[in-house]
Amino acid sequence: MASLDDIATIQKNGVLAINTVNQTLARYFGTNTSQTYAASAVVYTGPGRLVNVSVTVAGSAVGAIHNCSSVGAATAANKLAVVGNTVGVVELNLLFNTGLVIITGTGQQFNVTYSVGT
C-alpha cells in the first residue's frame, strides 16, 4: 500500500507535468497581442515566437515583419514575413531572436500575436 508521502509525490509530479504542457501550448498559441499599428514600429525586443498577424485595414501596399530591434534596422535580410494587404488572420509560427519590428504598408493596419522567450 502506498504511503501518504508516495501519494503526495505522485500528485506533485502530475501537477508539474500539466504545468509543462500548459507552458508549451501557450508559446505556440501566443501569450501577447500587440496593439493595432498604422505606422511602422518596434513591437518587442528579445527572442520569441511570432504566432500570427491580423490585418484589420488592408491598405494599398503590403507590409512586413522583421527580426530586428529598430525600425531603421529592418532590411530584406532580416524579414520574417510579408504582410499582405488583405483583411484577415495569417498563421505564421516563426521564431525570432532579436525582436519584432513591423513595417506597415501604405494605409495598412495590423497587429501581431506572439510569445516571448526562447
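The values are calculated or read from the model by the stated rules, or taken from the named source; none is laboratory data. Predicted model, so just to flag it, every value in this text is computed and none were measured. Reconstructed Cβ throughout: ideal geometry from the backbone, glycine too, with neighbour counts over all protein chains shown.
For the range 69-93, which positions are more than 19 Å from Gln108 (Cβ to Cβ), of a type in the set (Gly, Ala, Ser) and either buried (at least 17 other Cβ atoms within 10 Å of the Cβ) or touching a residue at least 40 places away in the same chain (Cβ under 8 Å) (or both)?
Ser69
Since His66 meets every condition but one in (1) at pLDDT below 95; (2) surrounded by 13 or more Cβ atoms within 10 Å (Cβ to Cβ); (3) of a type outside the set (Phe, Trp, Tyr), which condition does it not meet?
Unmet for His66, out of (1) at pLDDT below 95; (2) surrounded by 13 or more Cβ atoms within 10 Å (Cβ to Cβ); (3) of a type outside the set (Phe, Trp, Tyr): (1).
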